[in-house]
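The values are calculated or read from the model by the stated rules, or taken from the named source; none is laboratory data. A quick note: this is a predicted structure, and the numbers were derived from the prediction, not measured. When we count neighbours, we look across all protein chains shown, and the Cβ atoms used for this are built from the backbone with ideal geometry, even at glycine.
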4 protein chains.
Amino acid sequence: MDPTPSEVACFEAGIKFGSLYHQFAGTPVSPDSADSLARAMEEAIENQPYCESVTVSVRTDALRQAIEDADADYTELTGRFLDVAMVIEYEGVTVETSMAMEGDYPLMQVEDLRD
Amino acid sequence: MDPTPSEVACFEAGIKFGSLYHQFAGTPVSPDSADSLARAMEEAIENQPYCESVTVSVRTDALRQAIEDADADYTELTGRFLDVAMVIEYEGVTVETSMAMEGDYPLMQVEDLRD
Amino acid sequence: MDPTPSEVACFEAGIKFGSLYHQFAGTPVSPDSADSLARAMEEAIENQPYCESVTVSVRTDALRQAIEDADADYTELTGRFLDVAMVIEYEGVTVETSMAMEGDYPLMQVEDLRD
Amino acid sequence: MDPTPSEVACFEAGIKFGSLYHQFAGTPVSPDSADSLARAMEEAIENQPYCESVTVSVRTDALRQAIEDADADYTELTGRFLDVAMVIEYEGVTVETSMAMEGDYPLMQVEDLRD
């Protein structure tokens, strides 16, 4: 079967999440550079089609702890330092999605879907 | 509303496409190294949850032409050198997706969806 | 032979260039999002050891032209949209490096080296 | 001062290391997919100028342990799962370089330099 508008909207939402994560994972990051990275992630992914808004927060406490534990000055961006929310709109369907840690895994989820 | 299994299946399919594209875009590639890159892309993304199969072909003619046009020995991987097909299975729903060029844009699409 | 401080300084400079390029190549970019991406690139790479300063300018004219030529709203970051300058300091040696296009290839170069 | 051939050779070696690391960090990897990823990394970076050879081994024990600790099926590629050796040749100068973990940091080093 061909997908419905809701299904395409969810597909598009997934593309944005995979893009955001794998484009930026591995970027050198510290508490001081976290804000500029979060803004760049938001604005980069908002360029993609059907992407209404992207909100990225860096979990600065977790970041600071990881850097201290490694006795380092910075670390590499990975899902455990991120909270992400996105809104996708496709043919009248709005999808709200989020990424947050579930244990050690950065779980990406469809939070809400409405016409 | 909460998403249906079909909608989640499409979301998961999108994640895999965004991941594949943005993890590997920019990789130095030539006709000689295209095969090892295609295999690595397939096996890397097949690790992700609900991902049954990934098939990547490098469009070697387009690659060869781009390298010749630039009078170079290699170029960087981008969507116009790729054909990708993926099968995602989530709670009994099978999603078939593909990526191919539409003009200058690497269009990712849900081809078929079935219970 | 073991490397001299100048040789290590040049090695470190090269690491930063390869990092910057391959971390961010492929990022969705438009004239509106170019500034936040440039700032994030600078601050991310400045985290790395021995890296005194990074200056990234996006060549907005080339970017605008590429987007117009493709009849698109954005494109993917690649070397032809970037001018980069970096200063590396290692054990009293200062290395100035740059990246700019030479024909179709983003040429990275050591501009100056001094004790 | 302009750089000597040895200094340029070291700069080129650094570029390859930064490229390899930041292109592939974050890739989904498991013991089963480690080999195809290692081959793709080698062949991709060998495309770059002056790069004679790249050898990548995945530290499968560390990888298996990390996946088990996270109660997962795969993880993301990062420096602690890699040993890398490269040989760069530039205008008669041969540079041997390596990357291995020093504590929690993936240390990239010039091992040997000869005319």
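Yes or no: D:Ala13 within 10 Å of another protein chain (Cβ to nearest Cβ), out of contact with any Asp or Glu (no Cβ under 6 Å at 6 or more places or on another chain) and under 30 Å from B:Ser53 (Cβ atoms)?
Values: within 10 Å of another protein chain (Cβ to nearest Cβ): yes; out of contact with any Asp or Glu (no Cβ under 6 Å at 6 or more places or on another chain): yes; under 30 Å from B:Ser53 (Cβ atoms): no.
In short, no.
Looking at (1) outside any helix (DSSP H, G or I); (2) surrounded by fewer than 21 Cβ atoms within 10 Å (Cβ to Cβ); (3) at pLDDT 95 or above, which is the only condition C:Pro106 fails?
Failing condition for C:Pro106: (3).
Could you please tell me which pairs satisfy a Cβ distance under 8 Å, a separation of 6+ or placement on different chains, a first residue in the range C:4-24 that is more than 8 Å from D:Phe11 (Cα to Cα), and a second residue that is at pLDDT below 95 and of a type in the set (D, E, K, R)?
Once the first residue is more than 8 Å from D:Phe11 (Cα to Cα) and sits in the range C:4-24, its partners that are at pLDDT below 95 and of a type in the set (D, E, K, R) give C:Ser6/C:Asp115.
Return a yes/no flag: does the range A:78-86 have any residue that is free of Cβ contacts under 8 Å to residues at least 60 places away in the same chain, closer than 18 Å to A:Ala25 by Cα, touching a helix residue (DSSP H, G or I) at 6+ places or on another chain (Cβ under 8 Å) and of a type in the set (Ser, Thr, Tyr).
no
Go through (1) more than 14 Å from chain C (Cβ to nearest Cβ); (2) modelled with pLDDT under 95 for A:Thr94 and report which single condition fails.
(2)
Quick check on the range C:17-30. Is at least one of its residues closer than 16 Å to A:Thr27 by Cβ, of a type outside the set (A, V, I, L, M, F, W, C) and away from chain D (no Cβ under 14 Å)? Steps first, answer last, please.
Residues of the range C:17-30 closer than 16 Å to A:Thr27 by Cβ: C:17-29.
Now restrict to residues that are of a type outside the set (A, V, I, L, M, F, W, C): C:18-19, C:21-23, C:26-28.
Pick out the ones that are also away from chain D (no Cβ under 14 Å) and you get C:28.
Looking through the range C:17-30, at least one residue is closer than 16 Å to A:Thr27 by Cβ, of a type outside the set (A, V, I, L, M, F, W, C) and away from chain D (no Cβ under 14 Å).
Is there a residue being at the interface with chain C (Cβ under 10 Å from one of its Cβ atoms), closer than 30 Å to C:Ser6 by Cα and among the small types (Gly, Ala, Ser) anywhere in the range D:64-86? Reasoning before the result, please.
Step one: of the range D:64-86, the residues at the interface with chain C (Cβ under 10 Å from one of its Cβ atoms) are none.
No, every residue in the range D:64-86 fails to be at the interface with chain C (Cβ under 10 Å from one of its Cβ atoms), closer than 30 Å to C:Ser6 by Cα and among the small types (Gly, Ala, Ser).
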